[in-house]
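To keep things clear, I will list the structure first and then write my remarks on it.
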Amino acid sequence: MMDTYQRSTSTAILFVVAIFSLLLGRLFWLQVLDFQQLGSVGASASIRRIWELPPRGRMKDRNGKIMIDNRPLYSAKLIPSEFDSSRTAALAWLIKMPESDIAEHIAEGTRYNRFSALTLKRDLSTEDAARLSENIWKLPGVIIAAENKRKYADSLYGAHMFGYLRSISPAQFKALKEEGYARDDKIGFSGLERQYESHLRGIKGTRFVMVTPLGRNAGRYDEGRSDIPAIRGNDLSLSIDMELQKLAGKLLAETGKSGAVVAIDPRTGGILALQSAPDFNLEVFNGATDPAGWENIRSDPQKPLFNRTVQAVYPPGSIYKMVLATAALEEKTIDPDKKVLDNGVFRFGNRQYLSHRGEGHGMVDMREAITVSSNVYFYSLIFDVGFTAWTNYGALFGFGKRTGIDLPGERSGLLPSSDYYNRRYGKGRWTKGNLVSLAIGQGELGTTPIQLATYAAAIANRGTLHQPHIVEGYRDTRTGTYVPFRYRQHRLPLKPETLELIRGSMADVVQTGTGRLAQVPGIAVCGKTGTAQNPHGKDHAWFIAYAPADNPEIALTVLVENAGYGGSVSAPIAGKLIRQYLKHMIPVPSVPVGASTPDTFIEANPLTPAIVPALKDSSISLTVPSPPEKETNDQ
């Protein structure tokens with residue numbers, strides 16, 4: 001009995017001793033033998049400064065709706081001086097990145113500054129971030145950084161306008177490093193992101209952490225009291241109407257063709273919608289660039305990165321006849337009531353130029369010539385006005401130079417002059433025959449959609465040329481103060497009767513002329529069609545418009561490439577956009593239960609001709625047109 005008790009006691013003692021021996025052995029291993037693997041929190045002797053990137057400023061439409069916001073992303077960063085290269089394969093597996101790419105990044109970072117953190121991979125998936133976090137204690141020098149990427153409103157159109165971010169280039173970094181940029185920061189590359197980078201970027205913050213001699217995080221320094229929080233970028237207030245912007249993108253996409261829409265508030269110059277087609281998906285560049293998505297964009301023959309609203313330069317076609325008419329009226333070179341015979345053919349030298357397929361429009365005065373788009377009338381008129389006056393009045397409306405819209409990459413177009421032809425062909429080596437095409441907005445004349453929208457707005461507001469702009473101002477994040485931007489404007493030296501004749505003609509174009517498909521029930525729309533001749537295929541379709549006629553709130557330009565006539569393709573798009581923006585002005589008939597709809601109201605189809613309110617301007621008369629015939633003349 002006693003022997004059994006002694007044996008049990010001995011066994012228990014041996015078991016306890018064995019357990020304590022294992023624990024002491026493990027402690028010895030961790031504290032002494034494996035010290036170089038794990039380091040020691042107690043041995044923390046240095047402080048690491050970690051830059052905190054601020055969220056970029058948001059973008060809000062004219063009604064305060066957020067169009068561009070931020071959402072979090074996680075990036076894997078690495079400090080070359082603290083990283084053990086033998087762990088490269090493990091790191092590559094954890095973040096799903098080729099080992100050779102990691103080695104290349106480390107080599108590049110070492111050449112620049114081996115003590116500075118470099119970004120290995122942006123926008124880690126939730127799974128990759130969690131896996132790296134669980135194993136980061138084995139990877140000295142590796143950091144998981146919380147950053148931000150853009151969050152776009154649902155069904156957002158306008159990629160060219162908003163723009164996107166890209167990693168800062170070496171040249172940019174060299175020029176901007178004194179402004180606080182790091183070598184692997186992202187910077188606005190296009191659109192508003194680029195134009196307003198200084199407002200949107202915000203101010204970096206600083207976080208201090210304690211690290212072991214091996215670079216392991218040992219906690220926050222001074223319990224975070226020394227940290228400097230990042231300051232979010234300033235929010236931009238846009239003049240854009242988000243719903244109108246969406247509709248512009250949708251309507252252009254439905255054509256299946258390239259094109260552009262620019263809608264503007266003629267009272268201020270604020271852009272209401274700006275859409276280039278084809279559009280592209282901003283998510284391709286959001287966070288980490290999607291290689292497959294980028295390749296699809298890059299190889300697309302329609303060139304989706306090309307911003308047609310400010311960069312496409314085409315002849316404006318018949319729209320420019322109104323500039324010639326303005327010059328004639330201001331210079332008093334013709335009585336606008338004088339009738340001119342348009343028999344369908346204009347002869348200059350030994351060449352013939354046709355109008356209306358050679359059939360002509362008969363006797364037309366200036367207003368009728370604009371309404372039916374008579375070529376013969378304007379072929380003759382440019383010789384009465386003269387080339388110099390034609391050029392000068394084009395320049396008066398801003399053609400041939402940039403409008404100054406707050407977007408990068410705007411082109412100036414081309415406004416021919418005698419000096420231009422002398423440079424191109426040589427002095428005395430060009431003839432007045434060049435003027436024939438210019439008279440109807442063809443030839444070397446080149447305009448952009450933003451120029452024509454600004455021109456339409458100036459006619460709409462009776463002669464004030466506003467600098468078009470997208471951003472009205474910003475909200476200073478630090479002070480909470482709203483700071484408006486100031487834009488230039490100037491009054492055109494034109495007689496009121498000149499502008500009223502042009503405005504009346506544009507009303508006739510939509511009511512009885514080539515722009516009837518732009519009609520909106522209950523709204524008096526004024527417009528002008530144009531067709532840009534295209535030697536490489538089908539012509540490009542232009543249309544400019546504004547509404548309501550008396551006190552315009554919207555002016556716009558629509559361009560659809562390779563689509564034919566402006567009145568057939570672009571005018572209906574303009575009508576739908578006007579209907580959307582001015583829907584609060586469209587009368588809704590009150591119909592008793594069981595009663596039929598009054599004849600004076602025609603709903604359901606925005607393109608259906610309708611009886612519209614009489615205009616206060618007596619020079620503009622409106623009629624109820626018959627359905628438009630197929631357009632056969634609109635140069």
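The values are calculated or read from the model by the stated rules, or taken from the named source; none is laboratory data. The shown structure was predicted, so the numbers you read here are calculated from the model rather than taken from an experiment. Note that we place each Cβ from the backbone using ideal geometry, even for glycine, and neighbour counts take in every protein chain shown. Heavy atoms of the whole protein, side chains included, go into the accessibility calculation; ligands, DNA and RNA do not. Shrake-Rupley method; radii C 1.70, N 1.55, O 1.52, S 1.80 Å.
With the contact rule set at Cα under 8 Å and sequence spacing of 6 or more, what percent relative contact order holds for the range 80-199? Walk me through the numbers on the way to the answer.
Values: 107 pairs, mean separation 27.0, N = 120.
Contact order relative to length: 22 percent.
Straight-line cross-link reach from LYS174 at under 18 Å between alpha-carbon atoms covers these aspartates and glutamates, not counting any fewer than eight positions away in the same chain: GLU108, ASP184, ASP185, GLU197.
Cα to Cα, under 14 Å, and not fewer than 8 places away if on the same chain: which aspartates and glutamates meet these conditions relative to LYS65? Leaving aside aspartates and glutamates fewer than 8 places away in the same chain, those within reach of LYS65 are ASP154, ASP235, ASP241, GLU243. Figure legend: label point modelled 7 angstrom from the Cα of ASN343 along Cα→Cβ; residues of the range 374-392 with amide N under 14 Å from it are 376-377. Rounded to the nearest whole Hz, the Karplus-based 3J(HN,Hα) values (6.51 cos²θ - 1.76 cosθ + 1.60, θ = phi - 60°) of the range 139-150 follow the sequence 10, x, x, 9, 10, 9, 9, 8, 10, 9, 9, 6, with x at glycine and proline.
Averaged per residue, what accessible area in Å² does the chain show with a 1.4 Å probe, protein chains only?
Accessible area per residue, the chain: 47 Å².
Each residue of the range 526-541 was assigned a 3J(HN,Hα) from its phi angle through the Karplus expression (A = 6.51, B = -1.76, C = 1.60, θ = phi - 60°), giving 10, x, 7, 8, x, 10, 8, 4, 10, x, 9, x, 5, 5, 9, 9 Hz with x at Gly and Pro. Between the amide H of ASP342 and those of HIS361, GLY362, MET363, VAL364, distances stay under 5 Å, these residues lying 5 or more places away or on another chain, with hydrogens modeled in the peptide plane.
Basic side chains Lys and Arg get +1 at the Cβ, acidic Asp and Glu get -1 at the Cβ, and with that the dipole of the chain about its Cα centre reaches some 1260 debye.
Each 5 Å bin, from zero up to the one with the longest distance, holds this percent of the alpha carbon pairs of the range 197-295: 3, 10, 10, 11, 14, 13, 10, 8, 6, 6, 7, 4, 1, 0.
Considering only Cα-Cα distances, which of the following residue pairs are longer than 21 Å: LYS177/LYS204; LYS332/LYS401; LYS257/LYS401? Result: LYS332/LYS401; LYS257/LYS401 exceed 21 Å.
The mean of 1/r over all pairs of different alpha-carbon atoms in the range 390-526, once inverted, gives a Kirkwood hydrodynamic radius of 17.9 Å. Applying 1/(1 + (r/R0)^6) with R0 = 56 Å to the Cβ-Cβ distance of ALA146 and GLU500 gives a FRET efficiency near 0.40. A 1.4 Å probe, protein heavy atoms only, puts the accessible area of TRP294 near 80 Å².
Seen from all directions on average, the range 261-335 presents a Cα convex hull projection of 8.0 nm². For LYS303, a cut-off of 16 angstrom between C-alpha atoms picks up these aspartates and glutamates, skipping any fewer than 8 places away in its own chain: ASP279, GLU295, GLU561.
Applying a 10 Å radius around every beta-carbon, put 374-380, 396-402, 253-259 in order of their mean neighbour count, most first.
Output ranking for 374-380, 396-402, 253-259: 374-380, 396-402, 253-259.
Between SER125 and LYS177, the modelled label-to-label distance comes to 3.6 nm, taking each label 7 Å out from Cα in the direction of the beta carbon.
Overall, the accessible surface of the chain at a probe of 1.4 angstrom is composed of carbon and sulfur to the extent of 54 percent. For the range 454-523, the relative contact order works out to 26 percent when only alpha carbon pairs closer than 8 Å and six or more residues apart are counted. Peptides 65-72, 428-435 ranked from most to least packed by the mean count of surrounding Cβ atoms within 10 Å: 65-72, 428-435. Per the Kirkwood formula applied to alpha carbons, the chain shows a radius of gyration over Rh ratio, Rg over Rh, of 1.18.
Length gained on full extension, TRP137 to SER299: 54.0 nm, using 0.36 nm per residue less the C-alpha separation. Close amide-amide hydrogen proximity is noted between SER258 and GLU561, each under 5 Å apart and 5 or more residues distant or on a separate chain (H modeled in the peptide plane; Pro and chain starts excluded).
Across the range 67-168, how many lysine pairs, 8 or more apart or on two chains, come within less than 18 Å at their alpha-carbon atoms? Pairs that pass both the separation and distance tests number 7.
If each DSSP helix of 4+ residues adds -39,500 (n - 2.57) and the sum is divided by the residues in the chain, what number results at 222 nm, nearest 500 deg cm²/dmol? Result for the chain: -9500 deg cm²/dmol, rounded to the nearest 500. Principal-axis analysis of the Cα atoms of the chain puts helix 566-581 at an angle of about 60° to the longest axis.
Annotation: peptides 301-309, 243-251, ranked by per-residue average of other Cβ atoms within 10 Å with the highest first, follow the order 243-251, 301-309. ILE319 sits with roughly 0 Å² accessible to a 1.4 Å probe, with DNA, RNA and ligands left out of the calculation.
Go through ARG114, ARG225 and list them by solvent-accessible area, largest first, probe radius 1.4 Å.
Descending accessible area places them as ARG225, ARG114.
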